[in-house]
1. Being part of a helix (DSSP H, G or I), free of Cβ contacts under 8 Å to residues at least 40 places away in the same chain and not assigned by TED's automatic domain parsing to the domain that holds GLU286: is that true of LEU226 here?
2. If ARG172 meets every condition in (1) in contact with an Asp or Glu (Cβ under 6 Å, 6 or more places away or on another chain); (2) assigned to a helix (DSSP H, G or I) apart from one, which number is that one?
3. Given the condition β-branched (Val, Ile, Thr) and touching a Pro at 6+ places or on another chain (Cβ under 9 Å), answer yes or no: does some residue in the range 126-134 qualify?
4. Find the strands (runs of 3 or more DSSP E) located wholly in the range 249-336 whose residues include 2 or more that are within 29 Å of GLN163 (Cα to Cα) and modelled with pLDDT of 70 or more, and list them.
5. Considering only residues of the range 97-136 that are part of a loop (DSSP other than H, G, I, E, B) and among the hydroxyl-bearing types (Ser, Thr, Tyr), which is farthest from GLU47 (Cα to Cα)?
6. Specify which of the listed residues (MET167, MET150, MET219) is touching a residue at least 24 places away in the same chain (Cβ under 8 Å), hydrophobic (A, V, I, L, M, F, W, C) and not assigned by TED's automatic domain parsing to the domain that holds TYR118.
7. Across the range 213-252, which residue is farthest from ALA291 (Cα to Cα) among those that are within 21 Å of the chain's Cα centre (by Cα) and surrounded by 18 or more Cβ atoms within 10 Å (Cβ to Cβ)?
8. Taking the range 268-297 on its own, how many of its residues are of a type in the set (Gly, Ala, Ser), over 29 Å from LEU214 (Cβ atoms) and touching a residue at least 24 places away in the same chain (Cβ under 8 Å)?
Amino acid sequence: MDANRSVTLIPARKLSRKTKDEEKPKLRVAAYCRVSTDSDEQAASYEAQIDHYTTYINGHPDWELAGIFADDGISGTNTKKREEFNRMIDECMADSIDMVITKSISRFARNTLDCLKYIRQLKEKSIPVFFEKENINTMDSKGEVLLTIMASLAQQESQSLSQNVKMGLQYRYQQGEIQVDCKWFLGYTKNEDKHLVIVPEEAEVVKRIYREYLEGASMLKIARGLEVDVIKNGAGKAKWHTSNINSILRNEKYIGDALLQKTYTVDFLSKKRVKNNGLMPQYYVENSHEAIIPGEIFMQVQEELVRRRCVHLSQNGKKRSFSSNHCFSNMVICGECGEVFRRIHWNNRGKSPSSGGASADWRIRVFSAMLEPCRRVRFKRL
């Protein structure tokens, strides 16, 4: 069998020179730029990157500028908020780009998994990514090995920077330096020295909310009253929610104090923040700025919040939550059954006193109790 085997060589064909009409189309090259902060120095770097790649791509006669994609002031640890980066990937998938150039791996991504994911996604479309600083082309045979190593180093660098920022914040907390975003904070703004100062018009709104709440109004009623008077909330919107009122009533900054590190970042990659339930230290700074609400009023409001949150449970197991529909709501309790006196329509549940039944018995007990308040009725609170 081996003696009869023959091998025929098929020579490679020589490529003939193409005429001008058959010239290879220009390579559509896109550049990606990114800076992670909004500082002036980073802004200068951002502009320099755009100018550099525009000149660099236009300087190659066989290249065609497919676009400059730039994210300004956005972290590279994830791609959720990187709109320009995601737009570039979409255009690559739509065959609008043939090659991508970027300054370094850290500009492309600081997350190893994200970096490899998008590099492999582009390789499936035969789209190379060239990193200038590392001199790596992802279409090379050794490109992915080097890329994995360098991407891991970029991620480690990001983690180190995150730890340094955390340590800086902890030091500021220990010194009593508060950081408040006044963009959403009703009642205060910052002066030139970054200190909190009162905005008189907004402070009156805060005082009104505290006053009406102590007078018995519910959070929903307060919110609706502010909307009727066309008063905007801390975000500058005319629509008020009960959550807005609740946060104002519970915020200790209105009495001139500040509780620091209410939340903390769980992971430097996802940037997810969670409520601090004691896992991280907290710092309470007293008299850090000028107060809008007196401390006594604030404490009364906190007690009222607790009182309204407690659900009344009668002897028959019925639960009654707080109501502010009427001036005597939740104030009168039946001494016989422990039920809260409440307003009931005459034809409650389709029944009237004349028809008999539980509804009629209830009204007879109500009227009897009102005739004998000393023996049958006890007042919960006046």
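1. So LEU226 fails the test.
2. Condition (1) is where ARG172 drops out.
3. Checking the range 126-134: not a single residue is β-branched (Val, Ile, Thr) and touching a Pro at 6+ places or on another chain (Cβ under 9 Å).
4. Counting at least 2 such residues, we get 258-260, 263-265, 273-275, 283-285.
5. SER126
6. Exactly one of MET167, MET150, MET219 is touching a residue at least 24 places away in the same chain (Cβ under 8 Å), hydrophobic (A, V, I, L, M, F, W, C) and not assigned by TED's automatic domain parsing to the domain that holds TYR118, namely MET219.
7. TRP240
8. Selection size over the range 268-297: 1.
The values are calculated or read from the model by the stated rules, or taken from the named source; none is laboratory data. Computed from a prediction, not measured in an experiment: that's the story for all the values here. Here the Cβ is made from the backbone with ideal geometry for all residues, glycine too, and neighbour counts use every protein chain on show.
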